[in-house]
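Student: So that we are looking at the same thing, I have put the structure below in structure tokens.
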Protein chains: 2
Amino acid sequence: MTKVDQLPQRLLLGPGPSEVHPRVLRALATPVLGHLDPAFLALMDQVQADLREVFGTTNLVTLPLSGTGTAGMEAAIVNLVEPGDRVVVGIAGAFGERMAEIAGRCGAEVVRVETPWGRPVDPDDLRRAAAGGADVIALVHAETSTGVLQPLEPVAEVAREAGALLLVDCVTSLGGIPVDVDRIGIDIAYSASQKCLGAPPGLAPITVSPRALERIERRTRPVPSWYLDLRLLTGYWREGGSRRYHHTAPISSVYALAEALVLLKEEGLEARWERQERLGRALQAGLEAMGLELFAAEGHRLPMLTTVRVPEGVDDAAIRRGLLEVYGIEIAGGLGAVAGQIWRIGLMGAACRPRAVLSVLAALDDLLAAAGFRFERGAGVAAAAAAMAGSAPAAAPGGVRSSAR
Amino acid sequence: MTKVDQLPQRLLLGPGPSEVHPRVLRALATPVLGHLDPAFLALMDQVQADLREVFGTTNLVTLPLSGTGTAGMEAAIVNLVEPGDRVVVGIAGAFGERMAEIAGRCGAEVVRVETPWGRPVDPDDLRRAAAGGADVIALVHAETSTGVLQPLEPVAEVAREAGALLLVDCVTSLGGIPVDVDRIGIDIAYSASQKCLGAPPGLAPITVSPRALERIERRTRPVPSWYLDLRLLTGYWREGGSRRYHHTAPISSVYALAEALVLLKEEGLEARWERQERLGRALQAGLEAMGLELFAAEGHRLPMLTTVRVPEGVDDAAIRRGLLEVYGIEIAGGLGAVAGQIWRIGLMGAACRPRAVLSVLAALDDLLAAAGFRFERGAGVAAAAAAMAGSAPAAAPGGVRSSAR
């Protein structure tokens, strides 16, 4: 029989779930309260206020949905979209593709605006697509399948011009880089608890603008999902007034998210973003110093999720297995169109720390050398350490470096 | 700021979430693994096998959905029902009502078969309704809003006669009384982690018969929910073969459910059912000995969830507030049609123990007496203790008992 307390311990450097801070684990283990207990309701208020801070919004409807990030995506789409609506979807990877699929199931006329994986969607392509009319423009802020950052301001401009609502997937971005819902003019954004927020998977924070709420109020058909119906959910999550039971909130998951948000406040949002940026760039410098090729287009690389090409002749799965079995480090392979071609290395949650950057580079140094890949041994660690310290790497003594083992 | 580690501790005797055993809390706090980690996949296999035992089924598709019990209800309905299908729904309380609402959102022709709250649905009423044709017959096994047990065998017979699939809500029954999916012939059943299974809320175990899977395979339209699409979910949860990523499983919640199922196996299903039965009947004996009137019809009372009428002249909310604030005991009020008229007292999860039975009776003894309700002080505790011991209550010395304080 598998025993939970005999599970191995890993360093989680995939695209999520991310490593969870001991304080968040301890919060998880707090005895459960009822979902209408006054003490739990007060905690809900705090979680909502803290989520508004992270999203950069004053939206009253800002709450964690009782599901994972995909539930957030589904909630955003099924509440906003009615059959026959024209939904322009920017597709730059697997999660843009998923948005198009869900919008299609809602009966929308889906207009696909695609771009090669590894690049952001071109706002001009969106503009051309929206010229034929658009009720909603939807796309991903930080595409978890490619490691690409989508600049949002030009897209928001396209949405304004078209009179469309802007729906943005912030699953991987929230807490790791600024999201700025209000400043940019995002109408509905959602995320997931297990990425940069550093809680376990199971909750999907979502925020809804007054304009989006108005659109939802004007629906002519009920939202196809009762579980994710935002009008019903706000009856339970609204602050101050009387709360109406909708479904039993996942109490322990809310505890964990609450504590993760407290950790974020203690560090400060700006400091957290700076840490993500500094360590992400250091990891990328290290990988490049090893002669590996980054996958995401330069200037559009996410700090919290780095994608790198599997070098020619190297067995993708064997390296990942080695990382997991020999070093207890999890990274991820590619999804869909880039399966077998890229690795995805995340620095999220409690794993976003200098030691993790060096660990994964050092382990790759060993395993890639053993696999016959030729590169300057030690260069990755040196470059990353130097980048983290904010200086150029020191030359090795005597300039001698081994180039293979 | 609300602090998670300063939350009060309660004795949870509502209809769920239930008290979580310390071993389950400790499992929750286990460091997180990736959702494709071989060690996590092995744990998933074990959870599925254990759920089959509890459901009484060999259904291959038996897995915990990433949502609460309502997500289980929604998954069962949206996967099985297509627009225009005739769905006969037995409605004996709030959760039957919810089923009808969700089936309606799927575009089903919903045939409502109602019964007064406090009684089970009459199978003959279902038979008459199904005579006009039925694709699905849906109802609740243990109605959480009324405390009523619905006998399933006669309903299964109606479904067989009508050639309809049988969909059963086992949210409150699973783990507390036999469910017997295969023996009875249930096609799709779902539950929730936070009731008699004794884990925190957040997962909805579901089991699907081969016949129901066939119906799902023959759908002419995609399932409206991508998140809850059982065909996609089984790609991730299927045992043995290669697993396809669908969404990030709520790892920590799965740990907790796994440990809760281990606890159940250690005790034994039969022993667990016997304990639920014995303590539930003792609580009911205690309440009646205090002169309170049970709400659910005799012969149809659930052991794990007791409903009792608020006595005339007693303030429902004041008593519940007193229980919570003075004694740290949570019970629930009535929902919908019986709001303010009944209390719901659960004995589920770790709270199903003799001490809890006596605690709530003793606290009610105090608070009801203070509220001016006239009854024999101490009679509730005595009757319950005697019932748990399997004997009649001993008479008080000298036959003298106070009748009010």
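The values are calculated or read from the model by the stated rules, or taken from the named source; none is laboratory data. Please read these numbers as outputs of a predicted model, since none were measured by experiment. So basically every Cβ, Gly included, is an ideal-geometry build from the backbone, and we count neighbours across all protein chains shown. Heavy atoms of the whole protein, side chains included, go into the accessibility calculation; ligands, DNA and RNA do not. Shrake-Rupley method; radii C 1.70, N 1.55, O 1.52, S 1.80 Å.
Student: Can you say whether B:G14 is open to solvent by less than 10 Å² (accessible area, probe 1.4 Å), at pLDDT 95 or above, within 7 Å of chain A (Cβ to nearest Cβ) and out of contact with any Pro (no Cβ under 7 Å at 6 or more places or on another chain), as far as the supplied structure shows?
Tutor: Working: open to solvent by less than 10 Å² (accessible area, probe 1.4 Å): yes; at pLDDT 95 or above: yes; within 7 Å of chain A (Cβ to nearest Cβ): yes; out of contact with any Pro (no Cβ under 7 Å at 6 or more places or on another chain): yes.
Answer is yes for this residue.
Student: So which of B:A204, B:A129 is small (G, A, S) and farther than 30 Å from A:M99 by Cβ? If you could, list the steps in order and put the result at the bottom.
Tutor: Working: B:A204 fails: farther than 30 Å from A:M99 by Cβ.
It is B:A129.
Student: Could you check, for the stretch A:141-150, whether at least one of its residues is touching a Lys or Arg at 6+ places or on another chain (Cβ under 7 Å), open to solvent by less than 10 Å² (accessible area, probe 1.4 Å) and within 14 Å of chain B (Cβ to nearest Cβ)?
Tutor: Within the stretch A:141-150, not a single residue is touching a Lys or Arg at 6+ places or on another chain (Cβ under 7 Å), open to solvent by less than 10 Å² (accessible area, probe 1.4 Å) and within 14 Å of chain B (Cβ to nearest Cβ).
Student: Here's a follow-up. Please state which one of B:R160, B:R127, B:R119, B:R112 is more than 24 Å from A:T68 (Cα to Cα), touching a His at 6+ places or on another chain (Cβ under 9 Å) and either away from chain A (no Cβ under 14 Å) or not acidic (D, E) (or both).
Tutor: Working: B:R160 fails: touching a His at 6+ places or on another chain (Cβ under 9 Å); B:R127 fails: touching a His at 6+ places or on another chain (Cβ under 9 Å); B:R112 fails: touching a His at 6+ places or on another chain (Cβ under 9 Å).
Selected residue: B:R119, the only one of B:R160, B:R127, B:R119, B:R112 that is more than 24 Å from A:T68 (Cα to Cα), touching a His at 6+ places or on another chain (Cβ under 9 Å) and either away from chain A (no Cβ under 14 Å) or not acidic (D, E) (or both).
Student: While we're on this one: Among the residues of the stretch B:335-367, write down those that are assigned to a helix (DSSP H, G or I), open to solvent by 10 Å² or more (accessible area, probe 1.4 Å), touching a residue at least 40 places away in the same chain (Cβ under 8 Å) and among the small types (G, A, S).
Tutor: Within the stretch B:335-367, B:G336, B:A337, B:S359 qualify.
Student: Checking the conditions here, which among B:E288, B:E312, B:E270, B:E266 is within 22 Å of B:L149 (Cβ to Cβ) and free of Cβ contacts under 8 Å to residues at least 24 places away in the same chain? Working first, answer last.
Tutor: Details: B:E288 fails: free of Cβ contacts under 8 Å to residues at least 24 places away in the same chain; B:E312 fails: within 22 Å of B:L149 (Cβ to Cβ); B:E266 fails: within 22 Å of B:L149 (Cβ to Cβ).
Answer to the check: B:E270.
Student: In the stretch B:234-255, which residue that is touching a His at 6+ places or on another chain (Cβ under 8 Å) and more than 11 Å from chain A (Cβ to nearest Cβ) is surrounded by the fewest Cβ atoms within 10 Å (Cβ to Cβ)?
Tutor: Looking only at the stretch B:234-255, we keep the residues that are touching a His at 6+ places or on another chain (Cβ under 8 Å), and these are B:235-236, B:245, B:248-249, B:251.
Then keep just the ones that are more than 11 Å from chain A (Cβ to nearest Cβ); that gives B:235-236.
On the way: B:G235: 15, B:Y236: 18.
The selected residue is B:G235.
Student: With the requirement that a residue be farther than 12 Å from B:A164 by Cβ and open to solvent by less than 10 Å² (accessible area, probe 1.4 Å), what does the stretch B:114-139 give you? Can you show your working first?
Tutor: Going residue by residue through the stretch B:114-139, those that are farther than 12 Å from B:A164 by Cβ are B:114-125, B:128.
Passing the criteria: B:G118, B:V121.
Student: Would you point out which residue out of B:G328, B:G398, B:G372 is farther than 13 Å from B:A289 by Cβ and modelled with pLDDT under 95? Walk me through how you get there before you give the answer.
Tutor: On the way: B:G328 fails: modelled with pLDDT under 95; B:G372 fails: modelled with pLDDT under 95.
Sole residue among the options that is farther than 13 Å from B:A289 by Cβ and modelled with pLDDT under 95: B:G398.
Student: Another question, then. Among A:A71, A:A42, A:A76, which is within 19 Å of A:G235 (Cβ to Cβ), within 21 Å of the chain's Cα centre (by Cα), hydrophobic (A, V, I, L, M, F, W, C) and within 9 Å of chain B (Cβ to nearest Cβ)? Step through it out loud before you land on a result.
Tutor: Working: A:A42 fails: within 21 Å of the chain's Cα centre (by Cα); A:A76 fails: within 9 Å of chain B (Cβ to nearest Cβ).
Unique residue meeting the criteria: A:A71.
Student: Given the options A:E288, A:E376, name the one that is part of a loop (DSSP other than H, G, I, E, B) and away from chain B (no Cβ under 14 Å). Spell out how you get there, then give the answer.
Tutor: On the way: A:E288 fails: part of a loop (DSSP other than H, G, I, E, B).
Result of the check over A:E288, A:E376: A:E376.
Student: Considering each of B:V155, B:V223 in turn, give the residue that is open to solvent by less than 10 Å² (accessible area, probe 1.4 Å), away from chain A (no Cβ under 14 Å) and touching a residue at least 12 places away in the same chain (Cβ under 8 Å). So that I can check it myself, show each step before the final result.
Tutor: Values: B:V223 fails: away from chain A (no Cβ under 14 Å).
On inspection, the qualifying residue turns out to be B:V155.
Student: I'm trying to understand the selection: among the residues of the stretch B:374-385, which are open to solvent by 10 Å² or more (accessible area, probe 1.4 Å) and under 31 Å from the mean Cα position of the chain (by Cα)? Lay out the reasoning, then the answer.
Tutor: Of the residues in the stretch B:374-385, the ones open to solvent by 10 Å² or more (accessible area, probe 1.4 Å) are B:374-378, B:381-383, B:385.
Scanning the stretch B:374-385 gives B:G378, B:V381, B:A382, B:A383, B:A385.
Student: Okay, next question. Hey, could you check the stretch B:20-39 for residues that are under 21 Å from the mean Cα position of the chain (by Cα) and at the interface with chain A (Cβ under 7 Å from one of its Cβ atoms) and say which is nearest to B:P250 (Cα to Cα)?
Tutor: Checked the stretch B:20-39; the qualifying residue nearest to B:P250 (Cα to Cα) is B:L25.
Student: Could you list, in sequence order, the residues of the stretch B:158-196 that are among the aliphatic types (A, V, I, L, M), closer than 18 Å to B:G14 by Cα and open to solvent by 10 Å² or more (accessible area, probe 1.4 Å)? Talk me through it step by step, then tell me what you get.
Tutor: Pass one, the stretch B:158-196, residues among the aliphatic types (A, V, I, L, M): B:158-159, B:162, B:164-168, B:171, B:174, B:177, B:179, B:181, B:184, B:186, B:188-189, B:192.
This time we only want the ones that are closer than 18 Å to B:G14 by Cα, so: B:171, B:174, B:177, B:192.
B:V171, B:I177, listed by residue number.
Student: Follow-up question, since we're still on this one. Report those strands (runs of 3 or more DSSP E) wholly inside the stretch A:17-124 carrying at least 3 residues which are of a type in the set (A, V, I, L, M) and touching a residue at least 60 places away in the same chain (Cβ under 8 Å). Quick ask: steps written out before the conclusion?
Tutor: Values: elements: A:61-65, A:86-91, A:109-114.
The strands (runs of 3 or more DSSP E) meeting that bar are A:61-65.
Student: Another question about this same structure. Tell me which residues, restricted to the stretch A:45-60, are more than 10 Å from chain B (Cβ to nearest Cβ) and closer than 19 Å to A:S173 by Cα. Spell out how you get there, then give the answer.
Tutor: Going through the stretch A:45-60, the residues more than 10 Å from chain B (Cβ to nearest Cβ) turn out to be A:48, A:51-60.
Hits for the stretch A:45-60 are A:Q48, A:L51, A:R52, A:E53, A:V54, A:F55, A:G56, A:T57, A:T58, A:N59.
Student: Given (1) part of a loop (DSSP other than H, G, I, E, B); (2) surrounded by 19 or more Cβ atoms within 10 Å (Cβ to Cβ), identify the lone condition not met by A:P8.
Tutor: (2)
Student: In the stretch B:291-331, which residues are among the acidic types (D, E), open to solvent by less than 40 Å² (accessible area, probe 1.4 Å) and assigned to a helix (DSSP H, G or I)? Full working, then the answer.
Tutor: So in the stretch B:291-331, the residues among the acidic types (D, E) come out as B:293, B:298, B:312, B:315-316, B:325, B:330.
Imposing the further condition that a residue be open to solvent by less than 40 Å² (accessible area, probe 1.4 Å) reduces the set to B:316, B:330.
Result: B:D316, single match.
Residue by residue, here is whether (1) out of contact with any Asp or Glu (no Cβ under 9 Å at 6 or more places or on another chain); (2) under 17 Å from B:W273 (Cβ atoms); (3) of a type in the set (D, E, K, R) holds:
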site	(1), (2), (3)
B:L149	no, yes, no
B:L152	no, yes, no
B:A156	yes, no, no
B:V168	no, no, no
B:I186	no, no, no
B:S191	no, yes, no
